[in-house]
Amino acid sequence: MSESTVAPLPHVAIQVFSETSQVVAVVEEASHDRRMAKANLRVQAGGVAAAVEAYRDAPTPNVIVIETVSDGHGLLGHLDELAGYCDEGTRVVVIGHVNDVQLYRELMRRGVSEYLVAPIDVIGFIQALSEIFSNPTAKPVGRSIAVIGAKGGVGASTIAHNLAHTIAGDLEVETVIVDLDLPFGTAGLDFNQDPPQGIMEAAFDPARVDVNMIERLLSRCGPQLNLMAAPSSLERIYDFSIETFEPVTDALRATVPAIVFDVPHMWTGWTRNILIRSDEIVVVAAPDLANLRNAKNLIDTLTLARPNDPRPRLVLSQVGLPKRPEIASPEFAKALDCEPLASFAFDANLFGTANNNGQMISEIQPKSKAQEAFLEMAKALMGRQEAKQSKKSLISTLREKLSGKTGKSKAA
Ligand SMILES: Nc1ncnc2c1ncn2[C@@H]1O[C@H](COP(=O)(O)OP(=O)(O)O)[C@@H](O)[C@H]1O
Ligand SMILES: [Mg+2]
C-alpha cells in the first residue's frame, strides 16, 4: 500500500484499548502522523473488558479500537455487551493475534468495521481508521442540526450557541457552530471571539470550498468547539442562490462530527435548503400567537418536504415573562401536535449576563435548569440515549439485519 493514498482522518475521537506494548507503541507513533492531526487518538491499557467498564455510563467516541490476545471467543461475548453501550455511529475496530477467517466473519457479522492482525504497522493502522471515513459508501462523519426561530428575537441563536457548546463540552464531541446570520450574527460576540475568517469566503466562493478551506475558516472557541463566524457587517449584501451553502455543508459533514447551524429568521431559497438538508431541525418559539402560527407553518412545511426524516423539534423559549399573556405550553404543544424537546423560562438576568460577558450558560450557572435543558437537547439531537441499557447500537442493529434473526429481534 502506498502511504500517499491514505486520506487524513476527520475531527474524530478514537480510543484504543490495548493488551500489548507493541500496539501502544504503534498508536503512539500514529498519533504524531500528519494524517492524524485533526483526530483525537488516545490509548489505554486493557482489552475489551476495560472498554466495557469505560463505557458502561460514559459516551462512546467515534471509534473504539480493541486489541485482544485471546483466540477471540471470549471477545465475542464482551463485544456484544459493549455494543449495548455504544452510541449511534460509534465504529469498532478489532486488533487480534490470530489470523482466523471464522473469527473475522463473526466480527463482520457483528458490524465491526475492521479486523487487523497483529503485529500492526503504523501506516496500516492509520489506513484502517482512515478508510472507515473515506470509503465512499460510508455514512458522513457529521450530524447537522439547524436551529431557526419562529420569530426574530425569540432566542434561537442563544439556544444554538449553547447547544453547540454543550455537545462539545458535555458529550465531548468535536463541534462547529456556523453563524448563517451574515449581516447581524452574534456568535462571535457570544463566544467572545473576533476571528478574521468565517463563513463569508465560503458563501461568496462556494466553488472553491473543500475540507482544507474549511479548516482555514474555522476558529477555535473551546476545547472541542469551533466557530464559523458571520462577518456581521453591512458592507455587502447577502442575496444567495439556493445551493450556495451546499459545498460548505457537505465539507463540514465530511470532517466534523457535530454541526450546528444558527439559521436566521428568514424564509429564502437558501435558508429553506439548509433546513431541509439538515439531519435535525429545531424550531424555537416563544409562547405567543404569532410564534404559534409561524412554528406550525414551519413544522408542517418542513415535515412535508422531508417525509423520511425526523420531524422538526419544537423548543419553547422565554416562557413566563411577567405580566405577558401567554399560550400555555400544553396548549401550544397540542396545537402543533408535538411535545417540546425543551422549554426555557424567561430569565433576563441569566441570559443578559451571558450576553454581556460573552459567556455560555454553563459557564455562569452550570447547575441551572436551562443548562440541564441544553444537555437534554444535546443528547436527543446527537442520538444519545439516557438509559444506556436500552441503547440499540449500530452493531446490534447490523447484527440483527445481517444474521436475519428477525424472529428473535427485540421490540425496540
Ligand atoms: N430564555 C430567555 N430569557 C431571557 N432572555 C432571553 C432568553 N433567551 C434569549 N434571550 C435574549 O433574547 C435576545 C435575543 O436572543 P437571540 O438568541 O439573538 O434570538 P434570535 O436568534 O431568535 O433572534 C438576546 O438578548 C438573548 O439574551
Ligand atoms: Mg439569531
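FYI, it's all coordinate maths here, none of it is from the lab. The model shown is predicted, which means the values in this text are computed figures rather than measured ones. Please note: Cβ atoms are built from the backbone with ideal geometry, for glycine as well, and neighbour counts cover all protein chains shown.
Relative to one another, the C-alpha centroids of the stretch 179-197 and the stretch 241-260 are positioned 18 Å apart.
Against the chain, whose longest principal axis is taken from its Cα atoms, helix 73-83 shows a tilt of about 0°. Only the Cβ atoms of Lys and Arg (+1) and of Asp and Glu (-1) were treated as charged; on that basis the dipole of the stretch 3-134 about its Cα centre amounts to roughly 300 debye. Between residue 143 and 258, 259, the built amide H atoms are under 5 Å apart, and every one of these is 5 or more places off in sequence or on another chain.
Amide H contacts of residue 313 (H built 1.01 Å from N, in plane; Pro and chain starts excluded): 281, 282, 283 sit under 5 Å, all sequence-distant by 5 or more or on other chains. Only Lys, Arg, Asp and Glu carry charge here, each on its Cβ (+1 for the first two, -1 for the last two); on that basis the chain has a dipole of about 1140 debye about its Cα centre.
Computed log10 I(q)/I(0) for the stretch 144-275 at 0.15, 0.17, 0.19 Å⁻¹: -0.63, -0.83, -1.07, from the Debye equation with unit scatterers placed on every C-alpha and solvent omitted. Ordered from longest to shortest, the equivalent ellipsoid semi-axes for the stretch 87-195 are 42, 15, 12 Å, each the square root of 5 times a Cα gyration tensor eigenvalue. Helix 246-255 axis versus longest C-alpha principal axis of the chain: approximately 40°, rounded to the nearest ten. Among 85, 104, 238, the residue with the largest mean-square fluctuation in a Gaussian network model of the chain, with springs joining Cα atoms closer than 10 Å, is 238. Scanning the chain for GluC sites (Glu not before Pro) lying in DSSP loops with no more than 14 further Cβ atoms inside 10 Å, the longest uninterrupted stretch between such sites is 1-234.
Assuming R0 = 25 Å, can you tell me the calculated FRET efficiency for the pair residue 241 and residue 197, based on Cβ-Cβ distance, to the nearest 0.05?
Rounded to the nearest 0.05, the efficiency is 0.70.
Sparsely packed loop sites in the stretch 56-150 (the trypsin sites (Lys or Arg not before Pro) outside DSSP H, G, I, E and B with at most 15 other Cβ atoms within 10 Å) comprise 56.
Projecting label points 7 angstrom from Cα along Cα→Cβ for residue 108 and residue 58 puts them 3.3 nm apart. Expressed per residue, the C-alpha convex hull volume of the stretch 26-93 stands at 94 Å³.
Ignoring everything except DSSP H segments at least 4 long, calculate the 222 nm mean residue ellipticity for the chain; use -39,500 (n - 2.57) per segment, divide by total residues, nearest 500. Present the calculation step by step, with values, prior to reporting the outcome.
Details: 17 runs with 163 residues, N = 412.
Using -39500 (n - 2.57) per qualifying helix, the result is -11500 deg cm²/dmol.
Taking the chain as the reference, fit the longest principal axis to its C-alpha atoms, fit the long axis of helix 394-403 to the helix C-alpha atoms, and give the angle between the two in degrees, 0 to 90, nearest 10. With rounding to tens, the tilt is 60 degrees.
What the phi angles of the stretch 353-363 give under the Karplus curve with 6.51, -1.76 and 1.60, with θ = phi - 60°, is a coupling list of 5, 4, 4, 5, 8, x, 10, 8, 4, 5, 7 Hz, glycine and proline written as x. When its C-alpha radius of gyration is set against 2.2 N^0.38 Å (N residues), the stretch 192-350 gives a value of 1.18. Going by the alpha-carbon gyration tensor, a ≥ b ≥ c the square roots of its eigenvalues, is the chain rounded (a/c under 1.5) or, if a/c is not under 1.5, prolate (a/b greater than b/c) versus oblate? Verdict is prolate for the chain. When Rg and the Kirkwood radius Rh are both evaluated on Cα atoms of the stretch 6-129, their ratio Rg/Rh stands at 0.93. Near the amide H of residue 320, within less than 5 Å, lie the amide hydrogens of 346, all on another chain or at least 5 residues away, with H placed in the peptide plane. In the chain, the DSSP beta bridges split such that about 5 percent are antiparallel, to the nearest 5.
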